[in-house]
Structures are given as structure tokens and as C-alpha cells.
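For reference, the structure is listed below as C-alpha cells.
The values are calculated or read from the model by the stated rules, or taken from the named source; none is laboratory data. What you are looking at is a predicted structure, and each value in this text was computed from that prediction instead of being measured. Cβ placement follows ideal geometry from the backbone for every residue including glycine, while neighbour counts extend to all protein chains displayed.
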Amino acid sequence: MRAAEALERDIAEVSVSDIAAEAHISRSTLLRRLGGSRSSLDAAVRAAGIDPGGRPPVRLRALTAAAAVVSENGLAAATLEAIADRAGCSVFSLHAAFGGRDDLMRAVFDQFSPIRDIEEYLARPQGDLHSTVHGFYRTVANALSREPRVAPAMLAEVFSRPTSTAVQSLAGYAAPRMLGTLGVWFDAEVGAGRIRDQPVMVLAQQLLGPIMIHMLMRPAFPEVPGITLPDVDVVCEAFAVNFIRAVATPLAER
């Protein structure tokens, strides 16, 4: 590890000669102690929670693996053992990279839920209320449509096991962040006289509820006889009109 840091390389790219020099022993002595191969050395590095390189870092592999497990089997199935097996690392490595399962699930939420998309969208300069709400719905729809379907799986767990430890831990992290982001935008709109002053939770549910329910249910309907799904943009437009009708002030409606 010291040799890799000094050479600014991945551990896998550091030669046996460089490692021997850092250890102040000869190359032949090092190879003899390693049993003729550096595989045992790389295994020891991985056991210490450090990826020697040559593959994506443990953190990235774990996030990808955890997202796949959650998407395919739900939040409850995303144990550290299942994630480590899928990521090709040890549970010890996951603890070293994240500190524990709760922090790993929070990182998965940050990476794969719509929260970043919403934060980035609302941070941009916005136009009138209608175009802003329509764009918001389009942003959420796009985020909920992409694979892996982490957000739908997490929401399914929220609805089916709302009091579980995993759901409570994730909700304690995700809900304040989401409501905080939306609250800043709501406050600005209320202050500008465009929407009526209502509790943040009520406004958030009116805004998010329709598009989330539609996008969560949409994959179940393509093969159902007699049901024709409208284009997502048409859905976003309808929901934007309905939200504005529900919360806009007379000033905004003129």
C-alpha cells in the first residue's frame, strides 16, 4: 500500500520488485514468502477492505450490486452477505467502504432514486409555474423508468413493511432530504404568490403522488386488454394542469 501510494498507482499495478524495495527485502525473498505468487498478497489486501485494483473499486461494485439486489428482490433481500456475494468482495470490505448496511442503503438511495434528479432540476433557473411543474414531472418519470428499478422496489417495501427497521432507517434519511428540497421550492412559490401556503407534506404529496403512482403501475398494464397507456409526456402535462388547479392562487391562474 505504501508503494502504491508513492508510485500513485493501483496496488495491482505495483510490481513485486517495487513491493520488495518498499519492504527492504529482495525480490526473491518476497516471492518465497508469498509462496511464489502475489495472489496471497492481493487476497490479504482485499481482506483488509481495500481493492488492489484491476477491477472497479469495492464501493462502486457494491453500489451496483446492491441496486441490482434491491431491484430484483426488494429491500429486505439486500443483506450485506447477498451484496458482497454479488459484488465479489467480503462483508468486511463493505463495512470498510460504507460503515454498515444503513449507510450502504443510503448511498444506493442517493445514487439510484430520483432525489438527485429532483435536486439538480430545481437548482436550475425555472420559467413559469406550468413549465416548471411539467418539467418536474418529466424528470421524475424519467428517473422512475430507468434500470435498475431501485426506487419502485424501495417504495414497495415502504408500503408493505412501513415499520420495519430497514424502512424506518431509510425514511429517516430520505424523507427530510426530499421534503427539504421541495420545501425550498414551495417557499419560493408561496412567497411569490403563485401557490397557496399549505403544509410541506401536503404539497409534496399532491405533487409527487400522481406521477409516482402512475409510473409504478405503468409497467403492469402494457399487455392488459382494453387499456391503452397514454404517452408519458401527455401524462406529465395532465398532472401538471391538475396540480396547478389544486394549489395555484388566483394571481397565478390569471
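None of 51, 85 is acidic (Asp, Glu) and either part of a helix (DSSP H, G or I) or in contact (Cβ under 8 Å) with a residue 60 or more places away in the chain (or both) except 85. Of the residues in the stretch 99-122, at least one is under 30 Å from residue 191 (Cα atoms) and of a type in the set (S, T, N, Q). In the condition set (1) among the polar types (S, T, N, Q); (2) in a helix (DSSP H, G or I); (3) touching a residue at least 24 places away in the same chain (Cβ under 8 Å), residue 198 is compliant with all but (2). Residues that are crowded, with 19+ Cβ neighbours inside 10 Å and either out of contact with any helix residue (DSSP H, G or I) (no Cβ under 8 Å at 6 or more places or on another chain) or not small (Gly, Ala, Ser) (or both) were ranked within the stretch 139-148; the one that is nearest to residue 65 (Cα to Cα) is 144.
Results for (1) surrounded by fewer than 15 Cβ atoms within 10 Å (Cβ to Cβ); (2) closer than 27 Å to residue 219 by Cα; (3) of a type outside the set (A, V, I, L, M, F, W, C); (4) within 16 Å of the chain's Cα centre (by Cα), shown as yes or no for each residue.
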position	(1), (2), (3), (4)
160	yes, yes, yes, no
172	yes, no, yes, yes
178	no, yes, no, yes
203	no, yes, no, no
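Pairs meeting the criteria (first residue in the stretch 161-178 and touching a residue at least 12 places away in the same chain (Cβ under 8 Å), second residue outside any helix (DSSP H, G or I) and surrounded by 15 or more Cβ atoms within 10 Å (Cβ to Cβ), beta carbons under 8 Å, at least 6 apart or on different chains) are 167/161; 174/113. With respect to the conditions (1) more than 20 Å from residue 115 (Cβ to Cβ); (2) part of a helix (DSSP H, G or I); (3) among the aliphatic types (A, V, I, L, M), residue 227 falls short on a single one, namely (2). Take the stretch 201-225 and flag every residue that is among the aliphatic types (A, V, I, L, M), free of Cβ contacts under 8 Å to residues at least 40 places away in the same chain and touching a Leu at 6+ places or on another chain (Cβ under 9 Å). Answer for the stretch 201-225, where residues must be among the aliphatic types (A, V, I, L, M), free of Cβ contacts under 8 Å to residues at least 40 places away in the same chain and touching a Leu at 6+ places or on another chain (Cβ under 9 Å): 201, 204.
For beta carbons closer than 7 Å, sequence separation of 6+ or different chains, a first residue in the stretch 94-123 that is without any contact (Cβ under 8 Å) to a residue 24 or more places away in the chain and in the same structural domain as residue 183 (by TED's automatic domain parsing) and a second that is buried (at least 18 other Cβ atoms within 10 Å of the Cβ) and not aliphatic (A, V, I, L, M), the qualifying pairs are 121/136; 121/139. Residue 21 meets the stated requirement of being of a type in the set (A, V, I, L, M), more than 30 Å from residue 140 (Cβ to Cβ) and either at pLDDT below 85 or in a helix (DSSP H, G or I) (or both).
Being closer than 30 Å to residue 16 by Cβ and not basic (Lys, Arg) holds for only one residue in 35, 100, and it is 35.
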